[in-house]
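Chemist: Questions regarding the structure given below will be posed in turn.
Laboratory data are not the source of any read-out in this text; all were calculated from the coordinates shown. Note that the structure is predicted; figures quoted are calculated from it, not measured. Reconstructed Cβ throughout: ideal geometry from the backbone, glycine too, with neighbour counts over all protein chains shown.
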């Protein structure tokens, strides 16, 4: 089971790093995000409706529905903070801060608030993952991007804790659809207020936005499935190990030699952490 969790979380991490890179390259990150989320929600709705009818019309209990609504609201805040951070800083600065802060907070929530218990090897693996994630951060001044990047990390930890509980109360795909519709409904009015309906709707970028939206959704679904199988304190660090991809790209592709040894040591620590969790 742990190997399945590792596979789900690491695949989600790769997808997550990919869509963040695309999002950062967009002209207006928040507007592009609103298009991506809303278009993917529209595309998913008929698929979910067919699955819902074919599988006997399953539902979410009131608690599960409430947590899905709360998670959707937190996702809106997450995308607001993320877009704010990307408007103020580079991907290689914002991404590691946000994704490095989140697993630390999520692990503490899992162990201290959710009462999760992990074995000795797994605890050592979690420690290696967290140390590695922080080690591979690019040594650059975040400047004006620091506050929104930290707020992004805090929001990630919050919705991760909510999802860890909520997704176990009903079908993962149904839980995801509810929170995704809520997210789209929250993002669209903000985008409309910022740029107006014509600027939001009249664009040739919808196909690209829809593709990114489906990529985001797939990554999220993989994480939700992992939450059904393993504690938050294990999944959260695993899913954020994508920061090693950003660091490796900087060292080997962009030849960012400053702090290269520390980054590579961090990558080794992340790999060791994954191995310890698998052995545990």
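Chemist: Rank-order 220-228, 164-172 by packing density, defined as the average count of other C-beta atoms within 10 Å over each peptide's residues, highest first.
Modeler: 220-228, 164-172
Chemist: Ok, one more. Report D for the range 1-117 in µm² per second (integer): Stokes-Einstein, Kirkwood Rh on Cα pairs, 10 °C, 1.306 mPa s. The partial results should precede the final answer.
Modeler: Details: Rh = 17.0 Å.
Diffusion coefficient, whole number: 93 µm²/s.
Chemist: What ranking, highest mean first, results for peptides 3-16, 173-186, 50-63 when packing means the other Cβ atoms within 10 Å averaged over each residue? List each step's numbers first, then the result.
Modeler: Values: 3-16: 18.4, 173-186: 22.0, 50-63: 11.3.
Descending mean neighbour count gives 173-186, 3-16, 50-63.
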